[in-house]
Amino acid sequence: MLLNAIHWSPDPIIIDLGGFALRWYSTLFAIGFVISYTIIHRVNKAEGGDPDLIDKMLIHVVLGTVLGARLGYCVFYEPEMFVNNPLGVILPVEFSPEFRFTGFSGLASHGGTIGIIIAMALLSWRTGKSTLWYLDKMAMVTALGGMCIRLGNLMNSEIVGTETTVAWGFIFERHNAIEGLAEGTVLHPVQLYEAIGYFFLFLFMMRYYKRNYGKVRDGHMLGVFLALLFTIRYVLEFVKETYLPWESDFVRMGQILSVPFILVGIYLAYSRRNLKEKEAES
């Protein structure tokens, strides 16, 4: 089995310009946003929507995702950062021993989801458009952004899986060296599993949106998306490495955080599956 394992040790930095390094993670993160924005913009145009709303949505989504994902990671996984390195929670740089751009070394998708919801609520308050309308648009493409982020994690050799003997396992040489694992330890490439799962979820949501647009109430698309996305997350947590001392083979922090999103998703998908009479007439 070990002979079939993939040796994985890419440089997470594409190009180093001294004080600034262009990394695979941030590049893929940005690509995900650009492609998602383009898709939403075209769909909204085809529906006869206001393009300014999508431009405003992009700004709010970027800020909501980054801040929410970063704060979520620190709250759920490294709360000690708020005491030991408070600036490191919100700034992608370090000042000691010298100034250096580091990027964010930890982001949590659950926090990012909460951040997006809050950002869309604020945008709704500013524009008068339904929060659920914005979130339904996001539901079409968010999985594509998630796929790009997980590919960035793969290039960073982070968020790896548990030890395995499957033929497609990865030997994360950089990760194994840092964690002190035995040479040749084979792990599940769980980042790749998630990326593939998110890609197919993206294809499903695009088709589902096109087939059901105008037939369901605002929030239905969001509900379907949340239920499916976090079910994928819940299942894959079983083969993902643990981060907290109390985590076990049967329960992980990621699973505990996923359950509320799954339940909310099921509720929204069911309760908003049919248009009300007034909405259908309009």
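The values are calculated or read from the model by the stated rules, or taken from the named source; none is laboratory data. Everything quoted here is computed from the prediction, not taken from an experiment. Ideal geometry is used to build each Cβ from the backbone, glycine not excepted, and the neighbour counts take in all protein chains shown.
How many of the residues in the stretch 1-54 are basic (Lys, Arg) and either touching a residue at least 40 places away in the same chain (Cβ under 8 Å) or more than 20 Å from Tyr134 (Cα to Cα) (or both)? Residues meeting the conditions: 1. Looking at the structure I just gave you, is Glu78 at pLDDT below 70 and assigned to a loop (DSSP other than H, G, I, E, B)? Taking the combined requirement at face value, the residue does not satisfy it. Checking each residue in the stretch 231-250 for being surrounded by fewer than 18 Cβ atoms within 10 Å (Cβ to Cβ), of a type in the set (Val, Ile, Thr) and under 17 Å from Ala108 (Cβ atoms) picks out only Thr242. If you check His60 against the conditions, is it in contact with an Asp or Glu (Cβ under 9 Å, 6 or more places away or on another chain) and either farther than 30 Å from Trp246 by Cβ or surrounded by 18 or more Cβ atoms within 10 Å (Cβ to Cβ) (or both)? When the stated conditions are applied, His60 does not pass them. If the condition is being within 25 Å of Ile31 (Cα to Cα) and in a strand (DSSP E or B), then the stretch 171-192 contributes only Phe172.
Note on the stretch 193-282: enclosed helices (runs of 4 or more DSSP H) holding 2 or more residues that are among the polar types (S, T, N, Q) are 253-271. Is one or more of the residues making up the stretch 107-114 surrounded by 13 or more Cβ atoms within 10 Å (Cβ to Cβ), modelled with pLDDT under 75 and outside any helix (DSSP H, G or I)? The answer is yes; a qualifying residue exists. I want to confirm something. Restricting to the stretch 206-225 and keeping residues that are under 20 Å from Gly48 (Cα atoms), among the aliphatic types (A, V, I, L, M) and under 24 Å from the mean Cα position of the chain (by Cα), which single residue is surrounded by the most Cβ atoms within 10 Å (Cβ to Cβ)? If we take residues in the stretch 206-225 being under 20 Å from Gly48 (Cα atoms), among the aliphatic types (A, V, I, L, M) and under 24 Å from the mean Cα position of the chain (by Cα), then Met221 is surrounded by the most Cβ atoms within 10 Å (Cβ to Cβ).
Going by the structure shown, is Arg217 in contact (Cβ under 8 Å) with a residue 40 or more places away in the chain, closer than 19 Å to Thr231 by Cα and basic (Lys, Arg)? No: the conditions fail for Arg217.
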